[in-house]
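Student: There's a structure below that I have some questions on.
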Amino acid sequence: MHLYWVGAALHLHRRGDTSAQWILEEAGAGKVFAAGHGEPGNDLGLAWSSVKATPLANGGYRFDGRKIFTSLAPAWDWLGVHGIDDSDPQAPKIVHAFIARDAAGHRTVQTWDALGLRATRSDDTFLEGAIAPRDKVIRVLPAGIPDDPFVDGILGAVLPGLAAVYYGIAKRAFDLAVESAKHRTSPAIGGRTYAFRPLTQQAVAQAAIELDSIEALFERVANRWWDGYGADEPWIAHLLAAKQHAVDGALRVVNLALKIAGAASLSRHGELERLYRDVRAGAFHPPNADASHEVIGQAWLGVLGQV
């Protein structure tokens, strides 16, 4: 989630926009950024918010509400949040801003008790009058599907990044499984290792092909994003496809890895058991599988934002 913000700031910097330059400077000084975007029941993402953003006379905003899945909860120095300013009910706005750790009006509740990704400490954050000063308000946009380079930069950083994370989970599971097959012996084939069993060879081949396809797609998409998509290209569809292909493929690879490694992989003392749990979060890691497929389809059909 730290790279989420640094990537967005870099995207603006490369476009000559210095509005988020301070993020790069703070990150360079060792400060940690976290994302406060998750909200209970909000399936519209950055197009809406259940957190209230109240404008202040000095140009800052006060935030009140609950954020969930705040990864890096114990460690962040800056929390990037969004909230809704509905002071004009006819023209509600989404406010994107940052709150400092040492600011008043926020508290963390340790709610993170998940199947996987336990080390992320994605606890709940309650905003109770937390203030973002004027110079830390990055964007104030019309409510609805955002069309802004800052939000584009978030997506361009987080989606290939998530693809890389789940690729890494799958690659580690694959490496562990292959090593296991090279050392486990089978009396059924005269004491040779499982590497000589045809079904093991088939499973390893399937996993290897899957890994190659995951890496090829997300690297291509990341490079295209860096170089710049054409104005008429559905770039969001490509970014989402890389993420979705990675999380789906990683799940298949990890399942194959457990099959290759055998029943020992179920041990809670082994790394494969943790990877088995972690990879299952991919289907829910925002945007979830259903939302990703909807947006990809709408983008290619030319109806994105019209449905």
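The values are calculated or read from the model by the stated rules, or taken from the named source; none is laboratory data. Fair warning: this is a prediction, and the values are worked out from it, not measured in the lab. Backbone-built Cβ (ideal geometry, glycine too); neighbour counts: all protein chains shown.
Student: Need pairs with beta-carbon distance below 6 Å; first residue β-branched (V, I, T) and within the stretch 269-287, second part of a helix (DSSP H, G or I); sequence gap 6+ or separate chains.
Tutor: Listed by first residue and then by second, the contacts come to V279/I169; V279/A250; V279/L251; V279/V254.
Student: Continuing with the same structure: With modelled with pLDDT of 95 or more and under 30 Å from L275 (Cα atoms) as the only criterion, which of I94, I68, I23 stands out?
Tutor: Working: I94 fails: under 30 Å from L275 (Cα atoms); I23 fails: under 30 Å from L275 (Cα atoms).
Going through I94, I68, I23 in turn, just one is modelled with pLDDT of 95 or more and under 30 Å from L275 (Cα atoms): I68.
Student: Condition first: surrounded by fewer than 13 Cβ atoms within 10 Å (Cβ to Cβ), within 19 Å of the chain's Cα centre (by Cα), part of a loop (DSSP other than H, G, I, E, B) and at pLDDT 95 or above. Can you find one or more residues in the stretch 97-106 that meet it?
Tutor: Within the stretch 97-106, not a single residue is surrounded by fewer than 13 Cβ atoms within 10 Å (Cβ to Cβ), within 19 Å of the chain's Cα centre (by Cα), part of a loop (DSSP other than H, G, I, E, B) and at pLDDT 95 or above.
Student: Check whether at least one residue in the stretch 242-262 is hydrophobic (A, V, I, L, M, F, W, C), out of contact with any Gly (no Cβ under 7 Å at 6 or more places or on another chain) and surrounded by fewer than 19 Cβ atoms within 10 Å (Cβ to Cβ), and report yes or no. Steps first, please.
Tutor: Going residue by residue through the stretch 242-262, those that are hydrophobic (A, V, I, L, M, F, W, C) are 242, 246-247, 250-251, 253-254, 256-258, 260-261.
Pick out the ones that are also out of contact with any Gly (no Cβ under 7 Å at 6 or more places or on another chain) and you get 242, 246, 253-254, 256-258, 260-261.
Now restrict to residues that are surrounded by fewer than 19 Cβ atoms within 10 Å (Cβ to Cβ): none.
No - not one qualifying residue is present in the stretch 242-262.
Student: Taking into account only those residues within the stretch 290-307 that are crowded, with 16+ Cβ neighbours inside 10 Å and assigned to a helix (DSSP H, G or I), which is nearest to the chain's Cα centre (by Cα)?
Tutor: Going residue by residue through the stretch 290-307, those that are crowded, with 16+ Cβ neighbours inside 10 Å are 292, 295-296, 298-299, 304.
Filter once more, so that each one left must be assigned to a helix (DSSP H, G or I): 292, 295-296, 298-299.
Working: S292: 12, V295: 16, I296: 17, Q298: 21, A299: 20 Å.
Across the stretch 290-307, the extreme among qualifying residues is S292.
Student: Something else about it: From the list K243, K259, pick out the single residue that is closer than 22 Å to L10 by Cβ and basic (K, R). Write out each step before concluding.
Tutor: Values: K259 fails: closer than 22 Å to L10 by Cβ.
Within the list K243, K259, the selection yields K243.
Student: Further question on the same structure: Need the failing condition index for L159 against (1) farther than 20 Å from L46 by Cα; (2) assigned by TED's automatic domain parsing to the domain that holds W225, just the number.
Tutor: (1)
Student: Quick one: which residue in G80, G60 is surrounded by fewer than 21 Cβ atoms within 10 Å (Cβ to Cβ), within 16 Å of V140 (Cα to Cα) and touching a helix residue (DSSP H, G or I) at 6+ places or on another chain (Cβ under 7 Å)?
Tutor: Details: G80 fails: surrounded by fewer than 21 Cβ atoms within 10 Å (Cβ to Cβ).
It is G60.
Let's see how each residue does on (1) touching a Lys or Arg at 6+ places or on another chain (Cβ under 8 Å); (2) among the hydroxyl-bearing types (S, T, Y); (3) in the same structural domain as A47 (by TED's automatic domain parsing):
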site	(1), (2), (3)
A250	no, no, no
A263	no, no, no
E271	yes, no, no
Y276	no, yes, no
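Student: Let me ask something additional. Scan the stretch 12-57 residue by residue and report those that are in contact with a helix residue (DSSP H, G or I) (Cβ under 8 Å, 6 or more places away or on another chain) and polar (S, T, N, Q).
Tutor: T18, S19, Q21
Student: Something else now. Quick check on the stretch 152-159. Is at least one of its residues over 30 Å from L275 (Cα atoms) and modelled with pLDDT of 95 or more?
Tutor: So far as the stretch 152-159 goes, yes, one or more of its residues are over 30 Å from L275 (Cα atoms) and modelled with pLDDT of 95 or more.
Student: Of all residues in the stretch 1-41, which are farther than 16 Å from W78 by Cβ, without any contact (Cβ under 8 Å) to a residue 40 or more places away in the chain and buried (at least 18 other Cβ atoms within 10 Å of the Cβ)?
Tutor: The answer is E39, and nothing else.
Yes or no, residue by residue, for (1) part of a helix (DSSP H, G or I); (2) on the phi > 0 side of the Ramachandran plot; (3) surrounded by fewer than 17 Cβ atoms within 10 Å (Cβ to Cβ); (4) under 11 Å from the mean Cα position of the chain (by Cα):
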{"residue": "D147", "(1), (2), (3), (4)": "no, no, yes, no"}
{"residue": "V151", "(1), (2), (3), (4)": "yes, no, no, no"}
{"residue": "A157", "(1), (2), (3), (4)": "yes, no, no, yes"}
{"residue": "V165", "(1), (2), (3), (4)": "yes, no, no, yes"}
{"residue": "I169", "(1), (2), (3), (4)": "yes, no, no, no"}
{"residue": "D175", "(1), (2), (3), (4)": "yes, no, yes, no"}
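Student: Can you name the condition, by its number, that L72 falls short on among (1) more than 18 Å from the chain's Cα centre (by Cα); (2) at positive phi; (3) in a loop (DSSP other than H, G, I, E, B)?
Tutor: (1)
Student: Please give the number of the condition A119 fails out of (1) in contact (Cβ under 8 Å) with a residue 60 or more places away in the chain; (2) exposed (fewer than 14 other Cβ atoms within 10 Å of the Cβ); (3) on the phi < 0 side of the Ramachandran plot.
Tutor: Answer for A119: the failing condition is (1).
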